[in-house]
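Derivation of every value follows stated rules applied to the coordinates shown; laboratory data play no part. If you're wondering where the values come from, they're calculated on a predicted model, not measured in any experiment. In this analysis, Cβ positions are derived from the backbone assuming ideal geometry, glycine residues included, and neighbour counts consider all displayed protein chains.
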Amino acid sequence: IFLGVSLSFAAENIREYRLDRASERESLERLIRGRENDLSDFQISLGTADRGAEAIAWIHAQSGAAPSRDSLEYHLNQFLVCSAMAANSSEYQSLKSSGDLSVLRDLDFREELTALYEMYPMVAEMHIEDCSAREAVFEPVMDALRIDPSGAFPRVRIEGDVAEILTNRRFLNSLSMAHSIRVVLGIFNRRLISRLEDLRTHALELLADS
């Protein structure tokens with residue numbers, strides 16, 4: 001009887017172990033797919049932030065200069081685009097809310113995963129601030145501009161005096177604030193990309209060993 005009970009417990013433990021490992025593998029696979037999507041999104045966001053910051057720096061450097069209308073339009077359009085954050089946290093949130101994060105046995109991986117997702121709300125808020133700062137930049141000089149909605153993306157068209165735009169203090173002050181946000185957003189995007197790449201590598205290693 002004792003042997004039969006022991007064997008029954010052993011069989012149940014093996015069954016639970018196999019179910020847990022299958023759950024872990026499925027979670028890792030879903031996390032990897034989500035991280036691939038996030039990585040692509042953040043790389044696009046980083047490009048947007050960098051181009052915007054470079055464009056603002058160029059515009060500030062034109063103080064006292066007389067750039068062509070086409071040049072100023074080009075750099076205003078580089079800054080015009082702001083990106084919303086659409087990170088995929090559904091698998092992590094599902095594991096967290098159900099208390100099933102423990103299915104991921106590697107404690108280092110779980111800590112990396114948690115640290116990554118704890119950054120997401122802050123960066124999402126920065127994306128919102130970035131788009132708000134963009135609106136604040138264009139508002140003082142809208143009389144001299146026209147937003148052309150045709151094409152894949154809206155475009156800025158300058159219809160007023162270039163010098164008047166470049167000497168507008170509210171425009172320049174708002175531009176400085178927007179530049180700070182774009183630079184910080186670029187820093188956080190780089191940090192997120194680095195963490196996503198490390199997490200993906202770690203997840204693939206765990207998947208290979210599972």
Please compute the net charge surrounding residue 145, taking Lys and Arg as +1 and Asp and Glu as -1 over other residues with Cβ under 15 Å from its Cβ. -3
Given points 7 Å out from each Cα along the Cα-Cβ axis, report the residue 40 to residue 120 separation in nanometres with one decimal. 1.7
Using the Cα gyration tensor of segment 105-210, the equivalent ellipsoid's semi-axes, largest first and to the nearest Å, work out to 43, 15, 10
What ranking do 162-173, 57-68, 73-84 get when scored by the average of other Cβ atoms within 10 Å per residue, highest first? 73-84, 162-173, 57-68
Working out 0.36 nm times the residue gap between residue 106 and residue 131, then minus their Cα-Cα distance, what length gain in nm do you get to one decimal? 5.2 nm
So the label point goes 7 Å from the Cα of residue 202 along Cα→C-beta, right? Which residues of segment 108-146 then have their backbone N under 13 Å from it? 108-118
Residue-ordered couplings for segment 33-47, obtained by feeding phi - 60° into the Karplus form 6.51 cos²θ - 1.76 cosθ + 1.60 and rounding to whole Hz (Gly and Pro as x), are 4, x, 5, 5, 5, 4, 4, 5, 5, 6, 5, 5, 4, 4, x
At R0 = 30 Å the Cβ-Cβ FRET efficiency linking residue 176 and residue 148, nearest 0.05, sits at 0.70
